[in-house]
Amino acid sequence: GESVGLHLPTLSVQEGDNSIINCAYSNSASDYFIWYKQESGKGPQFIIDIRSNMDKRQGQRVTVLLNKTVKHLSLQIAATQPGDSAVYFCAEKVGQGGKLIFGQGTELSVKP
Amino acid sequence: GAVVSQHPSRVICKSGTSVKIECRSLDFQATTMFWYRQFPKQSLMLMATSNEGSKATYEQGVEKDKFLINHASLTLSTLTVTSAHPEDSSFYICSAMGGGENQETQYFGPGTRLLVL
């Protein structure tokens, strides 16, 4: 079936380095994607989104890249900080009702 | 803006009892609310989509008589786990859509940890 998946379940980076979290999606008709950050015991927190008519979108220290040709989504975090340690989920909007399909998640660990 | 709250944050109940979880959009009117459950170290699984004034749409495999959803207003949706059993123990998270710059973005509540003994 259609799904959104991640290449790496865990990622460990040094504080100050850049982090890249990847996500593959299979629904070529999807037109809206979101990255969420989830800290332990909390609900997901919106980070950044992108529509399918864009290739790149930047936020504060974060950049999302969308490659529709290979159905790939990535989240780049610049100058990663200990507070960035969390699980990151990509999500893909399916249909017109706003329903999201979530990827499996990547746990980001930042070493001081 | 786009703040979503849940109550309670944590609940422990005996097997066979029912538990109600509230989800509120605090600073916007939510056109749609969603209910998810999440097991440890796993992703979010959508249970149902809730629109104000209409019946919820449940995902395949989710029992509508087990997980009752009421969406009484544009700022409140409730999930009632009826006759809870230990296998219902999980992290339940709601989200609301309709706030922020993009009406399609889902904003999540802090979650409710349910433990059924």
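Every read-out reported here was derived from the displayed coordinates using simple, explicitly stated rules and does not represent laboratory data. Everything numeric here is computed off the predicted structure, so don't read it as measured data. Positions of Cβ are backbone-derived with ideal geometry, glycine not excepted, and every protein chain shown enters the neighbour counts.
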When the convex hull of the C-alpha atoms of chain B is computed, what volume per residue in Å³ does it have?
95
May I ask for the percentage of alpha-carbon pairs in chain A that lie more than 24 Å from each other?
19
Which of the cysteines found in the protein assembly as shown have nothing to pair with, since no other Cys Cβ lies under 4.7 Å from theirs?
B:CYS13
Peptide A:34-46: average number of partner chain Cβ atoms within 10 Å per residue?
5
Hey, got the Cα dimensions of the protein assembly as shown along the principal axes, in Å, largest first?
49, 37, 36
My understanding is that a pair violates if its Cα-Cα distance is over 23 Å; which of A:LYS42/B:LYS66; A:LYS71/B:LYS55; A:LYS42/A:LYS111; A:LYS42/A:LYS71; A:LYS68/B:LYS41; A:LYS99/B:LYS55 do that in this structure?
A:LYS42/B:LYS66; A:LYS71/B:LYS55; A:LYS42/A:LYS71; A:LYS68/B:LYS41
State to the nearest 20 debye the size of the charge dipole of the protein assembly as shown about its Cα centre, where the only charges are +1 on K and R beta carbons and -1 on D and E beta carbons.
200
Using the Cα atoms of the stretch B:1-65 to build a convex hull, what is its mean projected area in square nanometres?
5.9
Residues other than B:SER5 with Cβ under 13 Å of its Cβ, Lys/Arg counted +1 and Asp/Glu -1, net out at 0
Of A:GLN14, B:SER73, A:THR69, farthest towards positive along the dipole that unit charges on Lys, Arg, Asp, Glu beta carbons give the protein assembly as shown
B:SER73
